[in-house]
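The values are calculated or read from the model by the stated rules, or taken from the named source; none is laboratory data. Only a predicted model underlies this, so the values are computations on that prediction, with no experimental measurement involved. Virtual Cβ from ideal backbone geometry, glycine too; neighbours counted across all protein chains shown. Remember, those area values only see protein heavy atoms, side chains included, never the ligands or the DNA or RNA. Shrake-Rupley method; radii C 1.70, N 1.55, O 1.52, S 1.80 Å.
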Amino acid sequence: MNTVEKLKENYEFRRAYARGKAYVTPFFVIYITKNRKNAIRLGITTGKKIGKAVSRNRARRVITAAFRQTVPFLMPGYDFVIVARTRILAIKSTTAAEIMKKQLQAAGVWMIHETDQTGQ
């Protein structure tokens, strides 16, 4: 199973915004860029428009749980910056994971496993 490293530095986020490809949903925006490491790295941004600290933390938890479900199927070597939007508070992590899967497949970073091909 792939491990996920955290993006922490401002320059890493700025690089993803500037050079990354954006995939937009009503619930979040995913910026995807290649990195030179053989790792999956995740950064989450929640602005004050989401709400107070409790709401922003819930949005981060939903995104983190959804991303964790998709990690085994992702190709290593990419940075993912996910920006929460206000509607993220209205859904659960399983719904967010389904939406995230569609966006990651559209981005071309989803690996096809045998279980995906047989429909199990």
Share of accessible surface on carbon and sulfur in the stretch 2-120, whole %, 1.4 Å probe and ligands ignored, is 51 percent
Using label points projected 7 Å from each Cα along Cα→Cβ, tell me how many nm separate Val24 and Thr3, to one decimal. 3.7 nm
So what's the back-of-envelope 222 nm ellipticity for the chain, counting only DSSP H runs of four-plus at -39500 (n - 2.57) apiece and dividing by all residues, rounded to 500? -12500 deg cm²/dmol
With contacts defined as alpha carbon pairs under 8 Å and 6 or more residues apart, what's the relative contact order of the chain in percent? 31 percent
Report, for the stretch 11-86, the % of DSSP beta bridges that are antiparallel, rounded to 5. 65 percent
Given a 1.4 Å probe, how much area per residue of the stretch 1-104 is accessible, in Å²? 59 Å²
Set Lys49/Lys92; Lys21/Lys48; Lys21/Lys101; Lys37/Lys92 screened for pairs whose C-alpha atoms are more than 21 Å apart: Lys21/Lys48; Lys37/Lys92
Charge-dipole axis of the stretch 26-85 as Lys and Arg at +1 and Asp and Glu at -1 on Cβ define it, positive-most pick from Val29, Thr70, Ala39: Val29
Mind checking Rg over Rh on the chain, alpha carbons, Kirkwood formula for Rh? 0.96
Per-peptide average of other Cβ atoms within 10 Å, ordering 69-76, 39-46 highest first: 39-46, 69-76
